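Some notes on the structure that comes next.
Each reported figure results from applying straightforward, stated rules to the coordinates on display, with no laboratory input. Note that this is a predicted model, so its numbers are computed, not measured. FYI the Cβ positions are ideal-geometry reconstructions off the backbone, even for glycines, and counts take in every protein chain you see.
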Amino acid sequence: MSKAAWIRLAILVGAVGGLEIACRSGLVPATMVIAPSQMAAATAGLLASGDLGADIRQTFTSVGIAIVLSITGGFTVGFWLHWFPRLRRAMDPFLAAYYAIPHFAFYPLLIVIFGLGALPLIVLATLFAMVAMIVATLAGLDRVPRVLLKTARMHRLSPFEEMWRIRLPAAAPYLFSGVKLAVSYSFIGVIAGEFILSTAGIGHEIAYAYDNFDNPRMYGLILFVLAVVTAFNMLVYAYERQLVRRRGAA
Amino acid sequence: MTEEPVPSLARRQEGERPVHARLEGITRVYPARASQPAVHALGPLSMELRSGEFFSVVGPSGCGKSTLLDVLSGLAVPTDGTVEFEGKLVRGAVPDGVGVVFQEDASFPWLTVEDNVAFGLRRSGVDAAEIRRRVDFAVGFMGLRDFRQAYPSQLSGGMRQRVCIARTLVLQPRLILLDEPFGALDQQTRLLMGDELLRLWRETSATVLLITHALDEANLLSDRIGVMSARPGCFIDIVETGWPHDRDSRLAERPDFGAVTSRLWSLLRTESMRAMGQGVRA
């Protein structure tokens, strides 16, 4: 293990251990935060009980659909904007200002349009995540070195071959950043949406536990979400590191 | 600056080697954009490349050397004039039989050395055994045998450039165009790469056109050297070196080597000063 990994582990163990001691000693009241060991026990209990199965399924299904839609949709829109510079110039101010818009304010409107259930949440999360993918696609395609495009012409590649064999691989590191952001934003969009207005899902369960002062359940669920998102991100991060190391850009 | 073929070129036209590529009355003007006026980058310029010769082009910065290469390769369309390669007109597409090596690192960072070298062959329908044979030869020829599975990021700048040359070599081009391929390398590596390039030229019998700003390099490698004027670039002279076909970097030890370089510099000095003046005004 590298020195950085040891330092990272020491910080994590120190923070969790410190919180454990603070909670167990009464320095931090249990009405505010419970000890990490109690959170872990609560998570294990919740998962063992099986009564969250439907919520977990709904949340992860919504997140999964939002991820797929935002990545494919974002890439497609980014690709066409790159191909049509005039359209892109027209759209640039909207893209720049997009994340200044409070997306969750549109949730009631989405319910009116799409009805109750998972659909408005999927749409909300997709809208939230897609622009990150559009911006990353544009950044990646913009930065394909001109000399590689000249090389493509030297090899007499068709436009499709040029895209598939040169532009996409060259833009891959940027596309990967877009995928990571789209995944994170999809989780945020769905769980935050469930938290505000939904009647099912992990976000709703966290909000319900919060409203009922059920701290073990609330923190157990938060820890569960944290663990899943961290594990997912670590997988993506490991793959990205492998890709980056190979290209010598690490 | 002249539009007429210079005497040395005219003499070569009477020689035994057939014309491999010809540029006739070429000009290249970049159109005006927003606040930028139109730029007359090149010409009018005419030249002939004889089959199997090593021809270098030297000239002041910004004189249109790379534009000349782009036009000759078909990567750029001339504003006026015609380009011929093996008797056929070239316009807007790189003809079969022409290979280009660029100044910048054009290796694909996501492919291994072997996959980089095989890139052009795999998509052109060459069968697997032939691909293997040509890649083996090119990788060995360029001294990359121990690095077949390495990625470009694991190689030095000189080795990456060798990967690009090998990628062009496997296509067995009859005309190799090199745009300052050693520009980013140190002097020792440049000399060694020059030797490799000469070996490649002798063994393939290809016609080579090299764009370079290094007068010694042009002198060492070339049969003929085209000296270009400041922008818009035209040939002000074409110098025949008269070096033996079988030569390498030890040629620089010859007493008459310096005389050719001096002649190139005497032709270029005024043009370089003119080019600097253009840069200051711009």
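Structure above, values below:
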read-out: Distance in nm between pseudo-label sites at B:Arg123 and A:Leu95 (7 Å out along the Cβ direction from Cα); value: 2.5 nm
read-out: 3J(HN,Hα) from dihedral phi, segment A:206-217, Karplus parametrisation 6.51/-1.76/1.60, rounded to Hz, x for glycine, proline; value: 5, 4, 4, 5, 4, 4, 9, 6, 8, 4, x, 5
read-out: Residue order, fewest to most surrounding Cβ atoms within 10 angstrom, among B:Met47, A:Met91; value: A:Met91, B:Met47
read-out: Counting DSSP beta bridges with both ends in chain B, the antiparallel % (nearest 5); value: 55 percent
read-out: 10 Å Cβ neighbours from other chains, averaged over peptide B:103-115; value: 4
read-out: Test item: A:139-151 mean partner chain Cβ contacts at 10 Å; value: 4
read-out: Residue exposure sequence - B:Arg263, B:Arg132, A:Arg241 - by fewest surrounding Cβ within 10 Å; value: A:Arg241, B:Arg132, B:Arg263
read-out: Amide H partners (placed H, <5 Å) of B:His20, local residues excluded; value: B:Leu49, B:Arg50, B:Ser51
read-out: Using θ = phi - 60° and Karplus 6.51 cos²θ - 1.76 cosθ + 1.60, couplings along segment A:180-197 (whole Hz; Gly, Pro as x); value: 4, 5, 4, 5, 4, 5, 5, 4, 4, x, 5, 5, 5, x, 4, 4, 6, 9
read-out: Equivalent ellipsoid, chain A (semi-axes from 5 times Cα gyration tensor eigenvalues, Å); value: 40, 25, 14
read-out: Whole-Hz couplings from phi, Karplus 6.51/-1.76/1.60, listed for segment B:65-71; x for Gly and Pro; value: 4, 5, 5, 4, 5, 4, 5
read-out: DSSP-defined beta bridges in the protein assembly as shown - what % are antiparallel, rounded to 5; value: 55 percent
read-out: Helix B:113-122 axis, angle to chain B major axis (alpha carbon atoms, nearest 10°); value: 80 degrees
read-out: Length-normalised contact order for chain A - Cα pairs under 8 Å, 6+ apart - percent; value: 26 percent
read-out: Over chain A: helical MRE at 222 nm, DSSP H runs n ≥ 4 each giving -39500 (n - 2.57), nearest 500; value: -26500 deg cm²/dmol
read-out: Cα long-axis angle, helix A:53-83 against chain A (0 to 90 degrees, to the nearest 10); value: 20 degrees
read-out: Per residue, the convex hull volume that the Cα atoms of the protein assembly as shown enclose (Å³); value: 218 Å³
read-out: Rounded to the nearest 20 debye, dipole of the protein assembly as shown from Cβ charges on Lys, Arg, Asp, Glu; value: 140 debye
read-out: Sum of side-chain charges, A:Asp211 neighbourhood, beta-carbon under 15 Å (Lys, Arg +1; Asp, Glu -1); value: -2
read-out: Equivalent ellipsoid, segment B:155-282 (semi-axes from 5 times Cα gyration tensor eigenvalues, Å); value: 26, 18, 15
read-out: Student exercise, chain A dipole from Lys, Arg, Asp, Glu Cβ charges, in Debye to nearest 20; value: 1660 debye
read-out: Segment B:45-189: relative contact order as a whole-number percent, Cα under 8 Å and 6+ apart; value: 30 percent
read-out: Dipole-positive endmost among B:Gly226, A:Ser186, B:Gly258 within the protein assembly as shown (Cβ charges, Cα centre); value: A:Ser186
read-out: Projected-area mean, segment B:103-172, by convex hull of Cα positions, square nanometres; value: 4.3 nm²
read-out: Long-range amide H partners of B:Val57 with built H, under 5 Å; value: B:Leu210, B:Ile211, B:Thr212, B:Gly226
read-out: Candidates A:Gly203, A:Gly17, A:Gly220: whichever shows maximal mean-square fluctuation once chain A is modelled as a Gaussian network with Cα springs under 10 Å; value: A:Gly17
read-out: Degrees separating the helix A:36-49 axis from the principal Cα axis of chain A, which is the longest one; value: 80 degrees
